[in-house]
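See structure below.
The values are calculated or read from the model by the stated rules, or taken from the named source; none is laboratory data. All values derive from a computational prediction rather than experimental measurement. Using ideal geometry, Cβ is built from the backbone for each residue, glycine included, and neighbour counts are taken over all protein chains shown. The protein model used for the area step is the full one, side chains on, heavy atoms only, and it has no ligands, DNA or RNA in it. Shrake-Rupley method; radii C 1.70, N 1.55, O 1.52, S 1.80 Å.
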Amino acid sequence: MEAKRPVDLEPSVRVEHLHVSFGGREVLHDLSAQFAPGEITVILGRSGSGKSTFLRALNRLNECFPGSATRGSVRLKLQGQWRDIYREALPLTELRRRVGMVMQTPHLLPVSIAANLALPLKLVLGLPRREIPARVAGALKEAHLWEEVADRLDAPAHTLSGGQQQRLCLARVLALEPEILLVDEPTASLDFRASLKVEELLLSLKERYTIIAVSHSLSQARRLADAALIFRDGSVAERLSREDLQAPDTLQALLEEIF
Ligand SMILES: Nc1ncnc2c1ncn2[C@@H]1O[C@H](COP(=O)(O)OP(=O)(O)OP(=O)(O)O)[C@@H](O)[C@H]1O
Ligand SMILES: [Mg+2]
(Lines give C-alpha, C1' and ligand atoms only; values in the text may rest on other atoms or scores of the structure.)
(Ligands and ions follow the chains in the order given, each with its own letter.)
Protein backbone atom coordinates (compact mmCIF):
# COMPACT_ATOMS: atom_id res chain seq x y z
CA MET A 1 0.00 0.00 0.00
CA GLU A 2 1.16 3.52 -0.72
CA ALA A 3 2.60 5.32 2.31
CA LYS A 4 0.20 7.89 3.66
CA ARG A 5 1.27 11.47 3.16
CA PRO A 6 1.20 13.80 6.12
CA VAL A 7 -2.05 15.71 5.97
CA ASP A 8 -2.10 19.50 6.08
CA LEU A 9 1.56 20.08 5.43
CA GLU A 10 2.61 23.57 6.35
CA PRO A 11 2.41 25.51 3.09
CA SER A 12 5.38 27.30 1.60
CA VAL A 13 3.33 29.44 -0.79
CA ARG A 14 0.29 31.46 0.31
CA VAL A 15 -1.61 33.47 -2.27
CA GLU A 16 -4.45 35.68 -1.08
CA HIS A 17 -6.88 37.78 -3.09
CA LEU A 18 -4.62 37.96 -6.10
CA HIS A 19 -5.76 40.11 -9.02
CA VAL A 20 -3.70 40.49 -12.20
CA SER A 21 -4.62 42.68 -15.15
CA PHE A 22 -3.03 43.61 -18.47
CA GLY A 23 -3.84 47.01 -19.95
CA GLY A 24 -6.75 47.38 -17.56
CA ARG A 25 -8.30 43.98 -18.44
CA GLU A 26 -8.37 41.77 -15.37
CA VAL A 27 -7.42 38.14 -16.05
CA LEU A 28 -6.97 36.78 -12.50
CA HIS A 29 -9.78 37.63 -10.11
CA ASP A 30 -9.46 37.43 -6.34
CA LEU A 31 -7.53 34.19 -6.46
CA SER A 32 -6.46 32.49 -3.23
CA ALA A 33 -4.51 29.24 -2.97
CA GLN A 34 -1.73 27.61 -1.04
CA PHE A 35 0.93 25.08 -1.89
CA ALA A 36 2.96 22.72 0.27
CA PRO A 37 6.59 21.65 0.02
CA GLY A 38 7.21 18.05 -0.95
CA GLU A 39 4.15 18.08 -3.18
CA ILE A 40 3.35 18.55 -6.83
CA THR A 41 0.27 20.66 -7.42
CA VAL A 42 -0.99 20.48 -10.99
CA ILE A 43 -2.99 23.35 -12.44
CA LEU A 44 -5.54 22.38 -15.07
CA GLY A 45 -7.91 24.59 -16.99
CA ARG A 46 -8.97 25.74 -20.42
CA SER A 47 -6.68 27.75 -22.61
CA GLY A 48 -6.82 31.38 -21.52
CA SER A 49 -8.02 30.58 -17.98
CA GLY A 50 -4.95 32.29 -16.48
CA LYS A 51 -2.63 29.38 -15.63
CA SER A 52 0.58 30.90 -17.02
CA THR A 53 -0.30 34.33 -15.65
CA PHE A 54 -0.70 32.76 -12.23
CA LEU A 55 2.71 31.05 -12.37
CA ARG A 56 4.30 34.34 -13.45
CA ALA A 57 2.66 36.11 -10.52
CA LEU A 58 4.69 33.90 -8.16
CA ASN A 59 8.04 35.31 -9.27
CA ARG A 60 6.86 38.71 -10.48
CA LEU A 61 7.43 37.88 -14.11
CA ASN A 62 4.19 39.54 -15.22
CA GLU A 63 5.95 42.81 -14.54
CA CYS A 64 8.01 42.20 -17.68
CA PHE A 65 4.87 43.10 -19.66
CA PRO A 66 4.12 46.81 -19.84
CA GLY A 67 0.61 47.57 -18.60
CA SER A 68 0.43 44.68 -16.14
CA ALA A 69 -0.86 45.35 -12.63
CA THR A 70 -0.98 43.03 -9.64
CA ARG A 71 -2.94 43.37 -6.39
CA GLY A 72 -3.25 41.03 -3.43
CA SER A 73 -0.64 39.14 -1.53
CA VAL A 74 1.83 36.42 -2.46
CA ARG A 75 3.85 35.15 0.47
CA LEU A 76 6.62 32.62 -0.02
CA LYS A 77 8.69 30.79 2.54
CA LEU A 78 12.24 31.21 1.29
CA GLN A 79 15.19 30.00 3.32
CA GLY A 80 12.87 29.51 6.27
CA GLN A 81 11.53 33.07 6.20
CA TRP A 82 8.17 34.33 4.97
CA ARG A 83 8.60 36.94 2.24
CA ASP A 84 5.72 39.08 1.03
CA ILE A 85 6.98 39.49 -2.53
CA TYR A 86 4.81 42.42 -3.63
CA ARG A 87 5.34 44.40 -0.43
CA GLU A 88 8.99 43.74 0.37
CA ALA A 89 11.90 45.00 -1.63
CA LEU A 90 13.24 41.57 -2.49
CA PRO A 91 15.74 41.85 -5.38
CA LEU A 92 14.13 40.33 -8.48
CA THR A 93 17.19 38.26 -9.42
CA GLU A 94 17.15 36.71 -5.94
CA LEU A 95 13.40 36.08 -6.12
CA ARG A 96 13.59 34.49 -9.58
CA ARG A 97 16.52 32.37 -8.57
CA ARG A 98 14.61 31.01 -5.55
CA VAL A 99 11.40 30.60 -7.53
CA GLY A 100 12.69 28.91 -10.67
CA MET A 101 10.51 28.65 -13.74
CA VAL A 102 10.59 26.34 -16.73
CA MET A 103 8.56 27.61 -19.66
CA GLN A 104 6.41 25.66 -22.07
CA THR A 105 8.95 25.93 -24.89
CA PRO A 106 12.61 25.49 -23.96
CA HIS A 107 14.48 28.80 -24.10
CA LEU A 108 18.09 27.79 -24.43
CA LEU A 109 20.96 30.14 -25.13
CA PRO A 110 22.67 29.63 -28.52
CA VAL A 111 25.79 28.30 -26.81
CA SER A 112 27.01 24.89 -25.66
CA ILE A 113 25.23 22.57 -23.25
CA ALA A 114 27.75 23.38 -20.51
CA ALA A 115 27.65 27.13 -21.15
CA ASN A 116 23.87 27.16 -20.79
CA LEU A 117 24.42 26.17 -17.19
CA ALA A 118 27.71 27.96 -16.58
CA LEU A 119 26.56 31.43 -17.70
CA PRO A 120 23.78 31.88 -15.13
CA LEU A 121 26.07 30.45 -12.44
CA LYS A 122 28.62 33.10 -13.31
CA LEU A 123 26.21 36.00 -13.93
CA VAL A 124 23.52 35.36 -11.32
CA LEU A 125 25.52 33.74 -8.53
CA GLY A 126 28.95 35.16 -9.35
CA LEU A 127 30.42 31.71 -8.79
CA PRO A 128 34.20 31.49 -9.22
CA ARG A 129 35.31 29.72 -12.39
CA ARG A 130 36.85 26.74 -10.57
CA GLU A 131 33.55 25.86 -8.86
CA ILE A 132 31.50 25.86 -12.03
CA PRO A 133 32.25 22.41 -13.57
CA ALA A 134 31.21 20.53 -10.43
CA ARG A 135 28.02 22.57 -10.17
CA VAL A 136 27.22 21.97 -13.86
CA ALA A 137 27.72 18.22 -13.46
CA GLY A 138 25.61 18.19 -10.27
CA ALA A 139 22.69 19.97 -11.95
CA LEU A 140 22.84 17.68 -15.00
CA LYS A 141 22.76 14.65 -12.73
CA GLU A 142 19.85 16.03 -10.76
CA ALA A 143 17.99 16.61 -14.03
CA HIS A 144 18.67 12.99 -15.14
CA LEU A 145 20.61 14.25 -18.15
CA TRP A 146 24.22 13.64 -17.21
CA GLU A 147 24.58 10.21 -18.77
CA GLU A 148 23.16 11.43 -22.06
CA VAL A 149 25.41 14.49 -22.40
CA ALA A 150 28.57 13.89 -20.35
CA ASP A 151 30.60 13.17 -23.48
CA ARG A 152 29.37 16.22 -25.43
CA LEU A 153 29.15 19.10 -22.98
CA ASP A 154 30.69 21.44 -25.55
CA ALA A 155 28.14 20.62 -28.26
CA PRO A 156 25.56 23.32 -29.09
CA ALA A 157 22.53 22.99 -26.81
CA HIS A 158 20.16 23.05 -29.79
CA THR A 159 21.55 19.68 -30.94
CA LEU A 160 19.70 18.03 -28.05
CA SER A 161 16.31 16.41 -28.54
CA GLY A 162 13.19 18.26 -27.35
CA GLY A 163 12.98 16.21 -24.15
CA GLN A 164 16.67 16.67 -23.45
CA GLN A 165 16.34 20.43 -24.02
CA GLN A 166 13.46 20.53 -21.55
CA ARG A 167 15.57 18.68 -18.97
CA LEU A 168 18.48 21.05 -19.66
CA CYS A 169 16.16 23.98 -18.90
CA LEU A 170 15.24 22.29 -15.66
CA ALA A 171 18.92 21.64 -14.89
CA ARG A 172 19.66 25.33 -15.45
CA VAL A 173 16.98 26.27 -12.93
CA LEU A 174 18.14 23.63 -10.44
CA ALA A 175 21.75 24.81 -10.67
CA LEU A 176 20.66 28.10 -9.09
CA GLU A 177 19.33 26.22 -6.04
CA PRO A 178 15.66 27.20 -6.09
CA GLU A 179 13.14 26.25 -3.41
CA ILE A 180 10.01 26.57 -5.50
CA LEU A 181 9.73 25.19 -9.04
CA LEU A 182 7.17 26.50 -11.52
CA VAL A 183 6.76 24.37 -14.61
CA ASP A 184 4.49 25.48 -17.41
CA GLU A 185 3.42 22.53 -19.54
CA PRO A 186 6.86 20.96 -19.50
CA THR A 187 5.88 18.15 -21.84
CA ALA A 188 3.69 20.04 -24.30
CA SER A 189 5.91 19.38 -27.30
CA LEU A 190 7.21 15.95 -26.31
CA ASP A 191 6.23 12.44 -27.33
CA PHE A 192 4.90 10.03 -24.74
CA ARG A 193 8.22 8.42 -23.85
CA ALA A 194 10.01 11.77 -23.46
CA SER A 195 7.07 13.09 -21.42
CA LEU A 196 7.29 10.15 -19.05
CA LYS A 197 10.96 10.89 -18.51
CA VAL A 198 10.22 14.49 -17.55
CA GLU A 199 7.41 13.29 -15.29
CA GLU A 200 9.74 10.81 -13.58
CA LEU A 201 12.19 13.62 -13.06
CA LEU A 202 9.55 15.87 -11.47
CA LEU A 203 8.45 13.04 -9.19
CA SER A 204 12.05 12.46 -8.11
CA LEU A 205 12.47 16.16 -7.31
CA LYS A 206 9.29 16.74 -5.37
CA GLU A 207 10.68 15.69 -1.97
CA ARG A 208 13.02 18.65 -2.04
CA TYR A 209 10.93 21.38 -3.65
CA THR A 210 7.50 22.89 -3.81
CA ILE A 211 6.43 22.12 -7.37
CA ILE A 212 3.58 23.85 -9.21
CA ALA A 213 3.04 22.47 -12.70
CA VAL A 214 0.59 23.47 -15.41
CA SER A 215 -0.64 20.61 -17.54
CA HIS A 216 -3.12 20.10 -20.33
CA SER A 217 -3.27 16.38 -19.76
CA LEU A 218 -5.58 14.82 -17.27
CA SER A 219 -3.71 11.53 -17.36
CA GLN A 220 -0.50 13.39 -16.63
CA ALA A 221 -2.18 15.14 -13.70
CA ARG A 222 -3.26 11.76 -12.35
CA ARG A 223 0.30 10.46 -12.56
CA LEU A 224 1.92 13.54 -11.02
CA ALA A 225 -0.41 15.42 -8.75
CA ASP A 226 -0.67 15.34 -4.99
CA ALA A 227 -3.31 18.01 -5.47
CA ALA A 228 -4.86 19.75 -8.46
CA LEU A 229 -6.37 23.19 -8.96
CA ILE A 230 -8.93 23.64 -11.69
CA PHE A 231 -8.81 27.15 -13.11
CA ARG A 232 -11.87 28.69 -14.69
CA ASP A 233 -11.90 32.25 -16.07
CA GLY A 234 -9.08 33.49 -13.87
CA SER A 235 -10.20 31.90 -10.59
CA VAL A 236 -9.83 28.56 -8.88
CA ALA A 237 -13.04 26.66 -9.58
CA GLU A 238 -12.06 23.59 -7.62
CA ARG A 239 -9.29 21.99 -5.60
CA LEU A 240 -8.91 18.22 -5.88
CA SER A 241 -6.91 15.80 -3.78
CA ARG A 242 -4.91 12.96 -5.29
CA GLU A 243 -7.73 10.59 -4.36
CA ASP A 244 -10.33 12.83 -6.05
CA LEU A 245 -8.27 12.79 -9.21
CA GLN A 246 -8.26 9.01 -9.38
CA ALA A 247 -12.05 8.70 -9.02
CA PRO A 248 -13.77 7.85 -12.33
CA ASP A 249 -16.69 10.26 -11.82
CA THR A 250 -14.26 13.15 -11.14
CA LEU A 251 -12.57 12.24 -14.36
CA GLN A 252 -15.78 12.58 -16.34
CA ALA A 253 -16.61 15.94 -14.73
CA LEU A 254 -13.11 17.22 -15.39
CA LEU A 255 -13.14 16.14 -19.00
CA GLU A 256 -16.28 18.18 -19.49
CA GLU A 257 -14.85 21.16 -17.60
CA ILE A 258 -11.47 21.31 -19.28
CA PHE A 259 -11.88 20.04 -22.80
N1 LIG B 1 1.29 39.79 -21.59
C2 LIG B 1 -0.03 39.82 -21.74
N3 LIG B 1 -0.65 40.92 -22.22
C4 LIG B 1 -1.98 40.95 -22.37
N5 LIG B 1 -2.81 39.94 -22.08
C6 LIG B 1 -2.26 38.80 -21.59
C7 LIG B 1 -0.83 38.69 -21.40
N8 LIG B 1 -0.59 37.46 -20.91
C9 LIG B 1 -1.77 36.84 -20.80
N10 LIG B 1 -2.77 37.65 -21.20
C11 LIG B 1 -4.20 37.32 -21.23
O12 LIG B 1 -4.55 36.75 -20.00
C13 LIG B 1 -5.47 35.67 -20.17
C14 LIG B 1 -4.86 34.42 -19.52
O15 LIG B 1 -3.71 34.04 -20.27
P16 LIG B 1 -2.74 32.87 -19.81
O17 LIG B 1 -1.63 32.84 -20.76
O18 LIG B 1 -2.45 33.04 -18.38
O19 LIG B 1 -3.71 31.60 -20.00
P20 LIG B 1 -3.37 30.05 -19.90
O21 LIG B 1 -4.39 29.45 -19.01
O22 LIG B 1 -1.95 29.87 -19.55
O23 LIG B 1 -3.66 29.56 -21.39
P24 LIG B 1 -2.92 28.37 -22.24
O25 LIG B 1 -3.49 27.08 -21.71
O26 LIG B 1 -3.38 28.66 -23.62
O27 LIG B 1 -1.44 28.51 -22.07
C28 LIG B 1 -5.68 35.52 -21.66
O29 LIG B 1 -6.88 36.17 -21.99
C30 LIG B 1 -4.50 36.25 -22.26
O31 LIG B 1 -4.86 36.84 -23.49
MG1 LIG C 1 -0.29 29.07 -20.57
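A compact table of results
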| item | result |
| --- | --- |
| Residues of the stretch 153-167 that turn out to be farther than 16 Å from Leu119 by Cβ, assigned to a helix (DSSP H, G or I), at pLDDT 95 or above and open to solvent by less than 20 Å² (accessible area, probe 1.4 Å), as a count | 0 |
| Sole residue being hydroxyl-bearing (Ser, Thr, Tyr) and surrounded by fewer than 16 Cβ atoms within 10 Å (Cβ to Cβ), chosen from Ser52, Ser73 | Ser73 |
| Answer from Arg14, Arg60 - the residue that is touching a Phe, Trp or Tyr at 6+ places or on another chain (Cβ under 9 Å), more than 12 Å from ligand 1 (Cβ to nearest atom) and more than 18 Å from Ala228 (Cα to Cα) | Arg60 |
| Any hit, the stretch 168-180, residues being outside any loop (DSSP other than H, G, I, E, B), farther than 29 Å from Val13 by Cβ and open to solvent by 20 Å² or more (accessible area, probe 1.4 Å) | no |
| Search result, residues across the stretch 76-107 that are within 16 Å of ligand 1 (Cβ to nearest atom) and open to solvent by less than 60 Å² (accessible area, probe 1.4 Å) | Met101, Val102, Pro106 |
| Leading residue by the ranking (nearest to ligand 2 (Cβ to nearest atom)) among those in the stretch 184-202 that are within 24 Å of Arg239 (Cβ to Cβ) and out of contact with any helix residue (DSSP H, G or I) (no Cβ under 7 Å at 6 or more places or on another chain) | Glu185 |
| Residues that are within 8 Å of ligand 1 (Cβ to nearest atom), on the phi > 0 side of the Ramachandran plot and open to solvent by 10 Å² or more (accessible area, probe 1.4 Å), drawn from the stretch 17-49 | Gly23, Gly48 |
| Filter result for the condition that a residue is more than 16 Å from ligand 2 (Cβ to nearest atom) and of a type outside the set (Ser, Thr, Tyr), over Val102, Val74 | Val74 |
